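One structure below.
The values are calculated or read from the model by the stated rules, or taken from the named source; none is laboratory data. These numbers come from a predicted model, not from an experiment. All Cβ positions, glycine included, derive from the backbone under ideal geometry; neighbour counts span all protein chains shown.
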Amino acid sequence: MKSLLVYIKGYVKEAFLGPLFKLLEASIELLVPLLIARMVDQIIPDNNQGDLVIVVFWLFVLAVLGVLVSVTAQYFSAKAAVRYTQGLTDDLFAKVMRLPQAERDRIGHSSLVTRLSGDTFQIQTGINLFLRLFLRAPIIVVGAIIMAFLLSPKVTLIFVFMVLLLFILVFGISRITAPAYQKLRKGLDRIVGLTQEQLSGMRVVRAFTQTEREKQSFAEENNAYLKAQVKVGHWAAFLSPLTFFVVNVSLIILLWRGQQYVSMSLLSQGALMALVNYLLQILTELLKVATMTTNLNQSYISAQRVLEVFQLPDEDILAPIEEYATDKRIALEATKVTFQYPGASEPSLTGLALAVQPGQVLGVIGGTGSGKSTFVQLLSGLRQVTSGNLTLYKKGASPANLKEWREWVAVVPQKAQLFRGTVRENLLLGMEAVAISEEQLWLALEHAQAADFVKAKEGGLDAVVEAFGRNFSGGQRQRLTMARALLRRTPFLVLDDATSALDYLTEAKLLQAIATHYKDMTLILVSQRTRTLKSADQIVVLDKGEQVALGTHDELLSTSPVYQDIHYSQHQEVTHG
């Protein structure tokens with residue numbers, strides 16, 4: 001695991017020039033009080049207008065130069081911080097995409113979104129502040145103390161005592177607020193997760209008139225986050241007034257002692273003004289340091305959260321898959337397959353045993369929570385069996401690794417997934433390296449019963465697809481997703497209730513087209529409709545995570561009570577309708 005510091009490698013020049021120009025800016029600011037002291041002590045008492053003009057001119061030059069240097073420093077610091085975050089975010093996103101499904105589930109999608117957006121931005125803010133202040137602030141503080149020592153060694157003790165006291169305050173409050181900021185990031189994860197849940201389920205919320213309930217739920221979570229934020233804010237808010245208090249007390253002591261030294265001719269009035277200026281410069285920098293410390297605390301916490309993701313192992317999709325001795329004339333075999341989700345009290349699927357010949361249709365049916373979706377995830381290679389054996393074969397050979405396994409299987413999910421772009425780009429998803437003609441695209445659309453509405457769209461294959469396919473109906477989205485899967489012509493096609501939004505006639509035409517034009521493809525058809533599964537070569541019936549029956553439609557109607565209940569309940573609905 002590489003360190004997060006590696007992302008600054010390409011921007012070392014900017015990371016060096018930013019602080020360097022800030023150092024130059026600090027040096028310019030340290031010169032100003034000396035010029036003012038000379039003007040008060042020598043030029044004004046002597047009424048030397050020529051020297052006064054020169055000093056005023058140099059003050060103006062230093063002011064302009066200070067602005068230019070400051071802007072340049074800000075530019076380089078911001079560029080280094082932004083570019084650093086860009087590289088970090090790109091790699092973090094790629095890392096999330098490589099994580100095993102179990103790890104993504106453990107961390108949570110909302111937390112991953114927060115780490116990709118909020119945490120990386122917080123790191124960017126911390127880097128920007130650090131590059132701007134880590135040299136400037138010490139130089140101003142140390143330089144002001146040195147200048148004060150040159151002007152009056154006795155008065156310098158006031159400066160040293162003030163700086164030490166303020167550093168103790170900053171360090172102490174930082175130790176208190178650091179754990180609180182960690183809790184705040186976790187609270188933000190929960191709010192993002194709740195927001196995602198409410199937005200994705202908006203139609204259901206409105207349909208069941210649960211808007212007020214969801215608003216209350218969000219308000220409760222948000223209030224908890226607010227209380228935690230206010231609590232840590234109270235501690236952080238102490239820093240600024242305490243800093244002002246210490247500096248103002250120091251300023252009072254400085255003016256009191258300085259006036260005594262002036263009356264005893266041990267200190268000039270110009271030198272006293274310079275000391276006051278240096279004290280105020282220290283105040284300004286220490287306030288910036290306090291702000292930087294707070295931000296660096298949060299950035300450190302965000303960096304730890306990002307680093308936690310980077311330290312997780314990648315999903316090894318190239319690891320060899322053990323080949324089991326079996327009858328390789330079959331296409332799909334399951335032997336005592338059991339799967340249990342991490343942290344679950346009991347398996348979601350157990351005792352699955354079946355064998356499917358090449359080109360056959362396997363139907364999968366069962367009630368809610370029966371294990372259908374788990375079986376689909378196992379077939380698609382998103383999860384691996386806990387015990388038992390699930391094997392695919394193509395011409396007697398099994399997949400060499402998980403990558404090849406996934407290339408063999410095309411999945412059409414129950415919730416159709418389309419991406420922002422065009423119809424063509426969605427169909428060619430994952431097939432950029434393969435030469436696909438327009439005739440092949442239209443043929444896949446025709447087989448998926450999608451050609452008619454795509455032709456009717458302005459642009460045809462280049463018609464715009466909005467995010468999540470919002471400008472298409474549910475049935476259209478399913479058919480486009482089906483066309484994308486058929487275009488790949490994989491040995492295995494898994495339809496996970498992928499025709500639920502289609503009418504019976506369109507569904508029948510689609511399944512007939514698959515049976516006619518994709519005879520070599522082994523079809524796994526997951527459906528709630530016994531009518532859809534009627535022509536399957538065999539149907540596996542699942543109930544509460546267990547395989548309770550296996551056979552043809554007619555056999556199951558005679559032998560399986562579960563299948564009978566599903567079939568006759570649907571038959572009665574059709575009859576009454």
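Please give the number of the condition SER370 fails out of (1) buried (at least 17 other Cβ atoms within 10 Å of the Cβ); (2) modelled with pLDDT of 90 or more.
Tallying (1) buried (at least 17 other Cβ atoms within 10 Å of the Cβ); (2) modelled with pLDDT of 90 or more, SER370 fails exactly one: (2).
Between LEU495, LEU502, LEU542, LEU480, which is under 14 Å from VAL361 (Cα atoms) and assigned by TED's automatic domain parsing to the domain that holds VAL423?
Details: LEU502 fails: under 14 Å from VAL361 (Cα atoms); LEU542 fails: under 14 Å from VAL361 (Cα atoms); LEU480 fails: under 14 Å from VAL361 (Cα atoms).
Of LEU495, LEU502, LEU542, LEU480, the one residue that is under 14 Å from VAL361 (Cα atoms) and assigned by TED's automatic domain parsing to the domain that holds VAL423 is LEU495.
Only one of (1) loosely packed, with under 15 Cβ neighbours inside 10 Å; (2) at pLDDT below 75 is not met by GLN259, so which one is it?
Unmet for GLN259, out of (1) loosely packed, with under 15 Cβ neighbours inside 10 Å; (2) at pLDDT below 75: (2).
Looking for something within 43 Å of the chain's Cα centre (by Cα), closer than 30 Å to ASP189 by Cβ, part of a loop (DSSP other than H, G, I, E, B) and of a type outside the set (Gly, Ala, Ser) - is there at least one such residue anywhere in segment 300-311? Walk me through it before giving the result.
To start, the set of residues in segment 300-311 that are within 43 Å of the chain's Cα centre (by Cα) comprises 300-311.
Those still in the list that are closer than 30 Å to ASP189 by Cβ too: 300-311.
Retained after the next criterion (residues that are part of a loop (DSSP other than H, G, I, E, B)): 311.
Imposing the further condition that a residue be of a type outside the set (Gly, Ala, Ser) reduces the set to 311.
Looking through segment 300-311, at least one residue is within 43 Å of the chain's Cα centre (by Cα), closer than 30 Å to ASP189 by Cβ, part of a loop (DSSP other than H, G, I, E, B) and of a type outside the set (Gly, Ala, Ser).
Check off (1) modelled with pLDDT of 90 or more; (2) more than 30 Å from GLY367 (Cα to Cα); (3) within 30 Å of the chain's Cα centre (by Cα) for GLU432 and give me the number that stays unchecked.
Just one mismatch for GLU432, condition (1).
Evaluate the following for LYS403: is it surrounded by fewer than 17 Cβ atoms within 10 Å (Cβ to Cβ), touching a residue at least 60 places away in the same chain (Cβ under 8 Å), in a helix (DSSP H, G or I) and out of contact with any Phe, Trp or Tyr (no Cβ under 6 Å at 6 or more places or on another chain)? Please lay out each step first, then the result.
Details: surrounded by fewer than 17 Cβ atoms within 10 Å (Cβ to Cβ): yes; touching a residue at least 60 places away in the same chain (Cβ under 8 Å): yes; in a helix (DSSP H, G or I): yes; out of contact with any Phe, Trp or Tyr (no Cβ under 6 Å at 6 or more places or on another chain): yes.
So LYS403 fits the description; yes.
Filter segment 506-539 for residues that are over 18 Å from VAL412 (Cα atoms) and either β-branched (Val, Ile, Thr) or not assigned by TED's automatic domain parsing to the domain that holds PRO413 (or both) and give the result.
Those that are over 18 Å from VAL412 (Cα atoms) and either β-branched (Val, Ile, Thr) or not assigned by TED's automatic domain parsing to the domain that holds PRO413 (or both): THR516, THR530, ILE539.
Just a yes or no: is a residue in segment 364-373 assigned to a helix (DSSP H, G or I) and touching a residue at least 60 places away in the same chain (Cβ under 8 Å)?
Initial filter on segment 364-373 (assigned to a helix (DSSP H, G or I)): 372-373.
Then keep just the ones that are touching a residue at least 60 places away in the same chain (Cβ under 8 Å); that gives 372-373.
Yes: segment 364-373 contains one or more residues that are assigned to a helix (DSSP H, G or I) and touching a residue at least 60 places away in the same chain (Cβ under 8 Å).
Report, by residue number, each residue of segment 418-472 that is part of a strand (DSSP E or B) and more than 17 Å from LEU487 (Cα to Cα).
Step one: of segment 418-472, the residues part of a strand (DSSP E or B) are 421-422, 464-465.
Answer for segment 418-472, where residues must be part of a strand (DSSP E or B) and more than 17 Å from LEU487 (Cα to Cα): GLY421, VAL464, VAL465.
Residues are listed down the side, and each one gets a yes or a no for (1) surrounded by fewer than 13 Cβ atoms within 10 Å (Cβ to Cβ); (2) among the hydrophobic types (A, V, I, L, M, F, W, C); (3) within 30 Å of ASP314 (Cα to Cα):
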residue	(1), (2), (3)
LEU17	no, yes, no
SER27	no, no, no
ILE44	no, yes, no
LYS95	no, no, yes
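Tally the residues that are at pLDDT 90 or above and in contact with a helix residue (DSSP H, G or I) (Cβ under 9 Å, 6 or more places away or on another chain), restricting the search to segment 519-535. Before you say what the answer is, go through the steps one by one.
To start, the set of residues in segment 519-535 that are at pLDDT 90 or above comprises 521-526.
With the extra rule that they be in contact with a helix residue (DSSP H, G or I) (Cβ under 9 Å, 6 or more places away or on another chain), the set shrinks to 521, 523-526.
Matching residues across segment 519-535 total 5.
Would you mind finding the one in LEU487, LEU556 that is surrounded by 20 or more Cβ atoms within 10 Å (Cβ to Cβ) and over 23 Å from PRO399 (Cβ atoms)?
One residue alone meets the criteria, LEU556.
Show the residue pairs that are 6+ apart or on different chains and have beta-carbon atoms under 6 Å apart, the first residue being within segment 240-263 and closer than 17 Å to PHE171 by Cα, the second being among the hydrophobic types (A, V, I, L, M, F, W, C) and surrounded by fewer than 13 Cβ atoms within 10 Å (Cβ to Cβ).
Nothing qualifies.
Anything in segment 194-212 that is touching a helix residue (DSSP H, G or I) at 6+ places or on another chain (Cβ under 8 Å) and modelled with pLDDT of 75 or more? List them, or say none.
LEU194, THR195, THR211
Checking the conditions here, which among GLN547, GLN528 is farther than 22 Å from GLU333 by Cα and not in a helix (DSSP H, G or I)? Spell out the reasoning first.
Details: GLN547 fails: farther than 22 Å from GLU333 by Cα.
It is GLN528.
Out of the residues in segment 501-517 that are surrounded by fewer than 19 Cβ atoms within 10 Å (Cβ to Cβ) and outside any helix (DSSP H, G or I), which is farthest from the chain's Cα centre (by Cα)?
Across segment 501-517, the extreme among qualifying residues is ASP503.
Out of curiosity, is VAL289 in the same structural domain as LEU379 (by TED's automatic domain parsing), over 20 Å from the mean Cα position of the chain (by Cα), buried (at least 18 other Cβ atoms within 10 Å of the Cβ) and of a type in the set (A, V, I, L, M)? Working first, answer last.
Details: in the same structural domain as LEU379 (by TED's automatic domain parsing): no; over 20 Å from the mean Cα position of the chain (by Cα): yes; buried (at least 18 other Cβ atoms within 10 Å of the Cβ): yes; of a type in the set (A, V, I, L, M): yes.
For VAL289, the condition - in the same structural domain as LEU379 (by TED's automatic domain parsing), over 20 Å from the mean Cα position of the chain (by Cα), buried (at least 18 other Cβ atoms within 10 Å of the Cβ) and of a type in the set (A, V, I, L, M) - is not met.
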